[in-house]
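Undergrad: Before I ask anything, let me first share the structure, which is written out below as structure tokens.
The values are calculated or read from the model by the stated rules, or taken from the named source; none is laboratory data. Bear in mind that the values here come from a model prediction, so they are computed numbers and not experimental data. Every residue, glycine among them, receives a Cβ derived from its backbone with ideal geometry; neighbour counts consider all protein chains shown. Heads up: the accessible areas ignore ligands, DNA and RNA and are worked out on the full protein's heavy atoms, side chains in. Shrake-Rupley method; radii C 1.70, N 1.55, O 1.52, S 1.80 Å.
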Amino acid sequence: MFKNYFKIAWRSLWKKKAFSFINIVGLAAGMAVVMLIGLWIWSETSFNKGFQNYNSIAQVMQNQSINNVYQTQEALPIPIAEEMRVKYGSDFKQIILSTATQDHIFSFGEKKIENKGNFMEPQAPEMFTLKMLAGSRNGLNDIHSILLSSTLSKSLFGDKQAIGQTILMDDTLAVKVSGVYADFSENTSFSDVKFLAAWQLFATIDLETKNSAHEWDDNGWKLYVQMADNADYEKVSAKIKNIKAEHSQFVKSDQAKPALFLFPMSKWHLYSDFKNGESVGGRIQYVKLFALIGFFVLLLACINFMNLSTALSEKRAKEVGIRKTLGSLRSQLVIQFFCESLFVSMIAFILSFALVQLSLPFFNKLADKNMMVPWQNIYVWLYGFAFSIITGLVAGSYPALYLSSFQPVKVLKGVIQSGRFASLPRKILVVTQFTVSIALIVGTVMIYRQVQFARSRSVGYSKDGLLRVDVHTKTIQEHFDAFRNDLLNTGTVGELAATSSPTTEMTNQQGNFSWDNKQPGQADNFATVGVTQQYAKTVGLQFIDGRDFRTPTTGNDKLTMILSESAAKGMGFKNPVGETIGWYGMKFTVIGVVRDIVMESPYKPAIPTIYFLAPWTVYTFNIRINPNVSAADALAKIKPLFSQYNPAEPFDYKFVDEEYDAKFKAEEKIGGLASFFAALAIFISCMGLFGLASFIAEQRRKEIGVRKVLGATVFSLWRLLSKEFAMLIMISFCIATPVAYYFMDNWLQNYEYRTTLSWWIFAAAGVGALMITLLTVSFQAIKAAIAKPVKSLRSE
């Protein structure tokens, strides 16, 4: 019996090749989209799960009031770690201090390689369960030891033994390789960590870290923990909440009190956005969004199948009537039609695998991932077949029930239509398709608009022609003035300045500030940037009031500060210039106020910032290229001078405008993916529409012939066949507009700096959908309209 069903299904498909092609390709495209989205969602939700201690690792973070805004940050003071060990050690297996992931130069023989990594306490390799290829996880017990990733080890030593080798870090620090570990997976938060070195070594050599060992208001380091067995995150967070507040000398009210909390590794990737001290989501919103898109795209493909199957009901009506007359039960007919849909679904499933494999390189580039289909995994095939069966059952449900309901007496007499509303289900399905398509168009446009809105924001400095060079040795610092003069003498450089933080990052935030008329509970945490005298001129800070730092030859500005606009406002100054600010027992005079610059997210308010002349060595060089000189010519002059003054490390530069553009990467990737899926959704909808228009044109072929004989024009016939579809699109537009508005308005609330929903976006989406529909339908409509009437009427 089933063999006969599939034989009939194959004959039916082969007889109607065009409709079969549309059905199979549309369904395969929908399946392929779901598979691609499934791979992407699996990549997102499995982030960091490769760590054996995934469920027990957390990062200690803090909420605190900054310029009267409650903010969340990773950077913490160093003493918190020891306080937690002493008071709450039983709640943790490990408590580990770490630096941020930063670039360092490694030298071995003639090789000089720059790579990112962290200084961590000795228990880190065990907590993060490093897969050791050589050596052991205890390798950081020696203060002068280092663990290298497999990639960095091969770059330095090739195939030679790495263990026991001594390498030079940043041209001054000799460290011995005590272990080699397998690189962290790309699907982890530590994918770019290529070395781990001993925290104690960093705490000994880094002046700022050494000076801050007992400072409770200096936030600049990270703290990771591994929870004890059966420890509860919320209960332990409540215990450690007030550790910093109890020791800070400057917290005078509950409003300004910093609060510590544990942020589990399971939330790092998907729930990393905070607002007013609470996690408000993050990439999880995109996981949900694309899961929803996948569902709707597959629904569109299933709708195509339903529409075409029911539209072709006249062709199968007599078959159903004869079968029922010969004794077939309705249940048998339902099974037959379900078998046909499953047959189509299986063919589409096989084709979808081919589509996924072909499109995966493009999709990986679009998503900035390296995903692969694990063909060797038996579960992939089992899930795939289950998925195709479910899809076949869903797609075939309505056609099976509809076709099997025909009454033999009526269909054998040629009476099939059950009334003026017989086509209503197909119209509802078409409306559903284009409601989804229009909503996707609106969503894609809004993501693009939000990115462009943030891009057009004033950043407070001139990023074009600005280079950032991070140096790791003191050699060039000791000859900073000579290096600067030689650069200026080339004529390719306008200015050079050194800073403690890159222009596009906030690496240090501190408190301890006091001033006249400071109110109880008023925030005193600000981003602090140490600079040389040329900084404002180099990056193009925009002064609102006061002046820049003077050079040593024109005056002494050692105890002076420049405030950003929001910092001055947060302190409550009406006339900031000339005010005195206390900091760590010293009195600083405010000499200027500059416009806020965007250091962190372009979607958030600027961070209140204080600039002062750095009393220590600063390692970020900012180089302003002469606007009259090309970047290539300038780099050709800068590189040899850099090598002359700093031979220990390669000349590694970054354009600040490119670094700033990278801040839009996440939204641009999401926008690209949304555009890709929206285009596929429209393609699938149009395929179904094309098939449906073709069927209707054929169904009304005799009517069109009669109308032409009576004098109807091609335009009037085109309008006759197109107006029904145009009306359906208008209904879709009316439904999609409020739905899209609701969801996109909620999405925009995640951004503090955001664009608005304009009416023309919805109008453009509706007009676009209408034009696409008319173009799709017009081919069949015009083809039918220009056909010779004699051919249409000949069968009579």
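Undergrad: Residues of the range 426-452 with amide nitrogen under 12 Å from the 7 Å Cα-to-Cβ point of S397?
TA: The answer is none.
Undergrad: Okay, moving on. Within the range 557-652, report the GluC sites (Glu not before Pro) that DSSP leaves as loop and that have at most 16 other Cβ atoms within 10 Å.
TA: Passing both the DSSP loop test and the Cβ count: E600.
Undergrad: Next up: Please give the FRET efficiency for Q542 paired with Y653, using the beta carbon to beta carbon distance and R0 = 22 Å, rounded to the nearest 0.05.
TA: The computed FRET efficiency comes out at 0.35.
Undergrad: Sticking with this structure for a sec: Among the trypsin sites (Lys or Arg not before Pro) within the range 571-641, which fall in a DSSP loop and have no more than 16 other Cβ atoms within 10 Å of their own Cβ?
TA: Answer in residue order: K574, R595.
Undergrad: Suppose R0 equals 25 Å; then what is the FRET efficiency for R457 and A763 from their Cβ-Cβ distance, rounded to the nearest 0.05?
TA: Here the calculated transfer efficiency is 0.45.
Undergrad: How large is the accessible surface per residue of the range 613-751, computed with a 1.4 Å probe and reported in Å² as a whole number?
TA: Averaged over the residues of the range 613-751, the accessible area is 47 Å².
Undergrad: Further, regarding this structure: State the extension gain, in nm to one decimal, for the chain segment bounded by A386 and K235, taking 0.36 nm per residue of separation less the distance between their alpha-carbons.
TA: Value of the extension gain: 50.1 nm.
Undergrad: Give a quick list of GluC sites (Glu not before Pro) in the range 128-222 that DSSP marks as loop, anything other than H, G, I, E or B, with at most 14 other Cβ atoms within 10 Å.
TA: Taking the range 128-222 and a limit of 14 other Cβ atoms within 10 Å, the loop GluC sites (Glu not before Pro) found are E186.
Undergrad: How large are Rg and Dmax for the range 454-545 when only the alpha carbon atoms are used, in Å?
TA: So, for the range 454-545, Rg and Dmax equal 16.6, 53 Å respectively.
Undergrad: Need one number: convex hull volume per residue for the range 460-618, Cα atoms only, in Å³.
TA: Hull volume over Cα atoms, normalised by residue count, gives 124 Å³.
Undergrad: If the viscosity is 0.692 mPa s and the temperature 37 °C, what translational diffusion coefficient in µm²/s does Stokes-Einstein give for the range 724-765 when Rh comes from Kirkwood over Cα pairs?
TA: Once the numbers are plugged in, D ends up at 285 µm²/s.
Undergrad: What pairs in K723/K783; K365/K654; K275/K369 have C-alpha atoms more than 18 Å from each other?
TA: With Cα atoms farther than 18 Å apart: K365/K654; K275/K369.
Undergrad: What spacing in nm lies between the two simple spin-label points modelled at M371 and H479, each 7 Å away from Cα in the Cβ direction?
TA: 5.2
Undergrad: Once amide H atoms are placed 1.01 Å from N in the peptide plane, what residues at a sequence separation of 5 or more from I544, or on another chain, have their amide H within under 5 Å of its amide H?
TA: V593, V594, R595
Undergrad: Okay, next question. Mind ranking Y233, Y619 by accessible surface for me, highest first, 1.4 Å probe?
TA: So the residues, ranked largest to smallest area, are Y619, Y233.
Undergrad: Return, for the Cα atoms of the range 192-294, the radius of gyration and Dmax in Å, separated by a comma.
TA: 17.9, 54
Undergrad: A further question on this structure: Which percentage, to the nearest 5, of the DSSP beta bridges contained in the range 525-666 is antiparallel?
TA: 50
Undergrad: So, in Å, what gap is there between the alpha-carbon centers of the range 701-773 and the range 436-513?
TA: That distance is 44 Å.
Undergrad: Among DSSP bridges having both ends in the range 111-234, what percentage is antiparallel? Round to the nearest 5.
TA: 55
Undergrad: Along the principal axes of its C-alpha atoms, what lengths does the range 592-702 span, in descending order and rounded to whole Å?
TA: 89, 37, 29
Undergrad: I would also like to ask the following. For a 29 Å ceiling on Cα separation, which of these pairs sit above it: K194/K639; K474/K639; K474/K569; K210/K474; K288/K569?
TA: K474/K569; K288/K569
Undergrad: Subtract the Cα-Cα distance of D206 and T589 from 0.36 nm times their separation in residues, and report this length gain in nm to one decimal.
TA: 135.1 nm
Undergrad: What list of whole percents do you get for P(r) of the range 610-668, with Cα-Cα distances grouped in 5 Å bins up to the one holding the largest distance?
TA: Taking all Cα pairs of the range 610-668, the binned fractions are 4, 12, 18, 20, 18, 17, 10, 2, 0 percent.
Undergrad: Length gain on complete extension for the stretch A662 to S150, per 0.36 nm per residue less the alpha carbon to alpha carbon distance?
TA: 181.6 nm
Undergrad: Between T580 and Q161, what's the calculated FRET efficiency when r is the beta-carbon distance and R0 is 45 Å? Round to 0.05.
TA: With a Förster radius of 45 Å, E is 0.15.
Undergrad: Okay, next question. What is the Cα coordinate range of the range 19-121 on the first, second and third principal axes, sorted by size from largest, in whole angstrom?
TA: Principal axes ranked by extent give 73, 49, 36 Å for the Cα atoms.
Undergrad: Hey, rough spin-label estimate for F779 and L748, points 7 angstrom out along Cα→Cβ, what's it come to in nanometres?
TA: Reported label-point gap for F779 and L748 is 3.7 nm.
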